[in-house]
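Colleague: Quick one: this structure, given as structure tokens, is what I'll be asking you about.
The values are calculated or read from the model by the stated rules, or taken from the named source; none is laboratory data. The structure displayed is predicted, hence computed values, not measured ones. Here the Cβ is made from the backbone with ideal geometry for all residues, glycine too, and neighbour counts use every protein chain on show.
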Amino acid sequence: MFRFFRKNKSIEIVSPVTGKIIPIEEVPDQVFSEKMIGDGLAIDPKEGRVLSPIDGEVVTIFPTNHAIGLVSKEGLEILIHIGIDTVELNGVGFTRIIEKDSKVKKGDLLVEFDIDLIKEKGKSPITPVIISNMDKVENIDKIDSGETVGGETVIFTIELA
């Protein structure tokens, strides 16, 4: 009856990368698989483009361009980490498209990366997508298998606390 008094809000987050979903527990890096940073999933990318999964703001871009932090207008923090141990590539194979503090919409291009080069250098292109402030999350519904289309496939439906 008084639904507008409800404080919980639902947010849909789309896939930032086109590829195959991998459960976060199967990511070959303990920081992600043990959810030390937060909960989420990973994507084995089919193309080297990272798109914004939300309407929000870019709050962090690592100098090596391998990871980007976003915050939604509702305050939800999302980390997109392109590849495993790719910080060791010192930015080789990564091209930043957007700058820190930029406002973004779902589907905006953020970073381009070279999947083949990442593999040639002995690294994995598997890309974790993490909700890093789980204290703001009442419930997270995530897909745990299948294919995604960057900027289109909803990978999380989150109810905020």
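Colleague: Taking GLU138, is it of a type in the set (Asp, Glu), in contact (Cβ under 8 Å) with a residue 60 or more places away in the chain and farther than 19 Å from ILE21 by Cα? I'd like the intermediate steps shown before the answer.
Modeller: Working: of a type in the set (Asp, Glu): yes; in contact (Cβ under 8 Å) with a residue 60 or more places away in the chain: yes; farther than 19 Å from ILE21 by Cα: yes.
Yes, satisfied.
Colleague: May I ask you to verify whether LEU89 is buried (at least 17 other Cβ atoms within 10 Å of the Cβ) and either among the hydroxyl-bearing types (Ser, Thr, Tyr) or touching a strand residue (DSSP E or B) at 6+ places or on another chain (Cβ under 8 Å) (or both)? Working first, answer last.
Modeller: Details: buried (at least 17 other Cβ atoms within 10 Å of the Cβ): yes; either among the hydroxyl-bearing types (Ser, Thr, Tyr) or touching a strand residue (DSSP E or B) at 6+ places or on another chain (Cβ under 8 Å) (or both): no.
In short, no.
Colleague: Which pairs do you get when a residue that is closer than 22 Å to PRO125 by Cβ, found in region 95-115, comes within reach of a residue that is among the charged types (D, E, K, R), reach meaning Cβ atoms under 6 angstrom, with the pair 6+ apart or on two chains?
Modeller: Once the first residue is closer than 22 Å to PRO125 by Cβ and sits in region 95-115, its partners that are among the charged types (D, E, K, R) give THR95/GLU112; VAL111/ARG96; GLU112/ARG49.
Colleague: Out of everything in region 137-161 that is modelled with pLDDT under 95 and either outside any strand (DSSP E or B) or of a type in the set (Ser, Thr, Tyr) (or both), what residue ends up being surrounded by the most Cβ atoms within 10 Å (Cβ to Cβ)?
Modeller: Ranking the qualifying residues of region 137-161, first place goes to ILE143.
Colleague: Let me ask you something else. From the list SER33, SER15, SER10, which residue is among the hydroxyl-bearing types (Ser, Thr, Tyr), within 14 Å of the chain's Cα centre (by Cα) and at negative phi?
Modeller: SER15
Colleague: Going residue by residue through region 44-63, is there one that turns out to be over 13 Å from GLY150 (Cβ atoms), touching a strand residue (DSSP E or B) at 6+ places or on another chain (Cβ under 8 Å) and of a type in the set (Ser, Thr, Tyr)?
Modeller: Yes, there is a match, as at least one residue in region 44-63 is over 13 Å from GLY150 (Cβ atoms), touching a strand residue (DSSP E or B) at 6+ places or on another chain (Cβ under 8 Å) and of a type in the set (Ser, Thr, Tyr).
Colleague: On the given criteria, is ASP116 within 16 Å of the chain's Cα centre (by Cα) and farther than 19 Å from PHE32 by Cβ?
Modeller: So ASP116 does not fit the description; no.
Colleague: Scan region 103-113 and tell me whether some residue there is of a type in the set (A, V, I, L, M), at pLDDT 95 or above and surrounded by fewer than 18 Cβ atoms within 10 Å (Cβ to Cβ).
Modeller: From region 103-113, those of a type in the set (A, V, I, L, M) are 104, 109-111; that's our starting set.
Keeping just the survivors that are at pLDDT 95 or above gives 104, 109-111.
Right, trim to surrounded by fewer than 18 Cβ atoms within 10 Å (Cβ to Cβ) and you get 109.
Yes: region 103-113 contains one or more residues that are of a type in the set (A, V, I, L, M), at pLDDT 95 or above and surrounded by fewer than 18 Cβ atoms within 10 Å (Cβ to Cβ).
Colleague: So which residues in region 121-136 are assigned to a strand (DSSP E or B) and either of a type outside the set (S, T, N, Q) or surrounded by fewer than 18 Cβ atoms within 10 Å (Cβ to Cβ) (or both)? First the steps, then the outcome.
Modeller: Step one: list which residues in region 121-136 are assigned to a strand (DSSP E or B), which gives 124, 127-131.
Answer for region 121-136, where residues must be assigned to a strand (DSSP E or B) and either of a type outside the set (S, T, N, Q) or surrounded by fewer than 18 Cβ atoms within 10 Å (Cβ to Cβ) (or both): SER124, PRO128, VAL129, ILE130, ILE131.
Colleague: Given ILE54, ILE68, ILE118, ILE13, which one is crowded, with 19+ Cβ neighbours inside 10 Å and in a helix (DSSP H, G or I)?
Modeller: Working: ILE54 fails: in a helix (DSSP H, G or I); ILE68 fails: in a helix (DSSP H, G or I); ILE13 fails: in a helix (DSSP H, G or I).
One residue alone meets the criteria, ILE118.
Colleague: Checking LYS100 against (1) touching a strand residue (DSSP E or B) at 6+ places or on another chain (Cβ under 9 Å); (2) surrounded by 14 or more Cβ atoms within 10 Å (Cβ to Cβ), which test does it fail?
Modeller: (2)
Colleague: Take GLU26 and tell me if it is modelled with pLDDT under 95, charged (D, E, K, R), more than 17 Å from LEU110 (Cβ to Cβ) and surrounded by fewer than 16 Cβ atoms within 10 Å (Cβ to Cβ). Give the derivation first.
Modeller: Values: modelled with pLDDT under 95: no; charged (D, E, K, R): yes; more than 17 Å from LEU110 (Cβ to Cβ): yes; surrounded by fewer than 16 Cβ atoms within 10 Å (Cβ to Cβ): yes.
When the stated conditions are applied, GLU26 does not pass them.
Colleague: Same structure again: With respect to VAL59, determine if the residue is assigned to a strand (DSSP E or B) and over 21 Å from ILE126 (Cβ atoms).
Modeller: Numbers: assigned to a strand (DSSP E or B): yes; over 21 Å from ILE126 (Cβ atoms): yes.
In short, yes.
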